[in-house]
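These notes are about the structure you will find just below.
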Amino acid sequence: MEVYVEKRKLIRELQSHQSVLKEKAREKARESISAVIPIVLIVFILGFTVAALSPGILVEFLVGSVLVILGMIFFSMGAELSMTPMGEHVGGSMLRTKKLGFIIIIGFILGFIITISEPDLQVLAEQVSSVPNLVLILSVALGVGAFLVVALLRILFGIALPPLLFGFYIFVFVLAMFVPENFLAVAFDSGGVTTGPMTVPFIMALGVGIASIRNDKHAGDDSFGLVALCSIGPILAVLILGLLYHTEGSAALEVVSEVENSIELGKLFAVALPKYFKEIAVSLFPIVAFFEIFQIVSLKLNKTVLIKICIGLFYTYIGLVLFLTGANVGFIPAGNYLGMVLGNLPYNWILVPLGMVIGYFIVKAEPAVYVLMKQVEELTDGAISGKSIQIGLSVGVAVSVGISMLRVLTGISIFYFLVPGYAIALILSLFVPKIFTAIAFDSGGVASGPMTATFLLPLAQGACEAVGGNIVTDAFGVVAMVAMTPLITLQVLGLVYRVKGGELGGKGKNLPADKIPVEAIPVAELFEELEDTEIIEL
């Protein structure tokens with residue numbers, strides 16, 4: 001009878017879960033369509049006006065767009081159901097052990113295996129000459145593992161983020177002065193590439209899980225910043241490889257595959273799908289295996305929670321396969337071809353404003369952006385809206401793509417933009433609420449995801465080839481720029497919040513005492529100085 005009752009209860013919970021999923025699917029579909037449609041419209045408008053695109057490229061792009069939308073729907077639902085709870089449970093469980101050595105070892109292993117799981121890292125490995133792919137991948141994974149440990153210790157001991165960022169970025173730029181110029185853009189691109197759709201949801205949730213156990217008033221602020229610190233590790237790793245191997249970055253321009261009929265189009269996607277089914281399965285396996293070991297040894301979650309996580313992992317898997325197939329097969333040829341056509345125009349300066357428009361909208365199609373928006377809204381109780389974060393990201397990416405197109409046309413070194421850009425971002429961190437600094441530096445890794453690598457980078461490469469530039473020094477660096485500018489725009493948003501309403505503190509902060517709604521009174525802060533007996537008497 002007990003087994004029967006338990007089964008009936010589980011079935012009722014899953015039926016309730018199914019109705020919630022349907023509503024979530026409708027919500028995610030609206031978000032995904034509104035994110036991708038502007039990019040489709042821009043490409044079609046350009047294709048029918050100033051940039052003559054072949055019908056084959058347009059059809060590939062259109063099919064790719066449909067797959068990207070479907071992939072975003074599944075991925076965003078899956079990340080919410082699986083990656084986020086997994087990260088939070090693991091983070092909380094790690095801290096509850098209260099064993100510093102255990103936290104350091106597990107944190108390093110997590111950072112290492114998650115980085116190896118990141119599909120975009122394979123793309124980076126192909127771009128660097130004279131360094132074996134395995135050496136590069138393992139080095140970057142070691143860098144992320146080491147800096148994830150730093151990030152976890154920062155949360156554990158409540159260390160402020162800005163001093164760490166100052167110290168590490170000064171070291172990065174001093175080291176960069178001794179690295180061959182052709183290698184710089186690839187090194188800084190690596191920081192954005194390795195914090196992609198596989199890494200971001202899990203690492204951000206890990207921070208939330210650890211901060212929730214701390215249970216003090218600054219814990220919520222400190223839960224951000226993991227992605228920010230984990231983005232530094234790959235940059236340092238690739239810069240050090242540049243010194244050790246005395247190598248220069250190199251790149252082979254992506255070959256544009258143009259189809260002539262519907263059968264060829266079908267074959268193009270049919271060949272790509274199995275490849276990404278295998279690639280994402282290999283990528284997800286280490287994370288799933290690690291969580292399973294943690295579940296057996298420490299977590300011991302109930303069946304209902306595990307079933308939900310399994311459903312979420314399936315959605316994540318399907319979503320990433322569809323998204324990466326659509327982006328790599330449909331978006332890379334369109335971006336590359338569009339860049340070449342625009343670069344060959346007599347008025348190729350149009351690349352700068354067009355790049356800014358594309359950059360503004362394309363960041364909305366990054367899967368991890370929605371994870372960041374949701375985390376921010378939840379942890380600040382809506383005081384910082386996800387919409388404001390999205391607008392800040394869009395403005396930042398628009399500026400960065402505009403500058404990248406200017407670099408393609410003029411050949412200006414990326415160093416002239418990265419040094420002052422990071423200097424401004426670090427100086428701003430001294431004046432804005434610290435939660436905005438953490439969110440801003442996290443957002444750099446979040447914004448520079450697969451859409452940047454599969455559309456903006458090919459766009460820059462195509463334009464660079466058309467104008468006769470150096471692809472490695474002039475086209476590469478788009479990801480690095482996209483990772484940098486949101487640091488400034490989101491901290492400026494933080495300054496606006498501070499000027500308008502003082503410190504972030506919820507509703508009714510600046511109202512007279514008799515007008516403050518009951519739900520806005522910070523009960524925990526009022527009682528934190530009192531003994532338990534005094535609270536009971538009160």
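At-a-glance table
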read-out: Additional length obtainable on full extension of the chain from F48 to E292, 0.36 nm per residue less Cα span; value: 82.7 nm
read-out: Of K278/K374; K98/K300; K434/K500; K24/K387; K278/K303; K28/K308, pairs whose Cα-Cα distance is over 22 Å; value: K278/K374; K278/K303
read-out: M177-L134 pseudo-label distance in nm [points 7 Å out on the Cα-to-Cβ vector]; value: 3.7
read-out: Residue-wise HN-Hα coupling along the stretch 69-85, computed from phi with Karplus coefficients 6.51, -1.76, 1.60 (Hz; x: Gly, Pro); value: 4, 4, x, 5, 4, 5, 5, 5, 5, x, 4, 5, 8, 10, 4, 5, x
read-out: Gyration tensor verdict on the stretch 348-476 (Cα atoms; rounded if a/c is under 1.5, prolate if a/b is larger than b/c, oblate otherwise); value: prolate
read-out: Rough spin-label spacing in nm, given labels placed 7 Å along Cα→Cβ, for L265 and S385; value: 3.9
read-out: Mean-position separation - Cα centroids, the stretch 261-280 and the stretch 147-187, in angstrom; value: 39
read-out: Charge tally in the Cβ shell below 15 Å around T84, where Lys, Arg are +1 and Asp, Glu are -1, T84 excluded; value: -1
read-out: Spin-label pair S34/I159, simplified geometry with 7 Å Cα→Cβ offset, distance in nm; value: 4.0
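Computed from the coordinates by the stated procedures, all read-outs in this text should not be read as laboratory data. None of the values given here were measured: they were computed from a predicted structure. For neighbour counting, all protein chains shown are included, and Cβ atoms are generated from backbone atoms with ideal geometry for every residue, glycine included.
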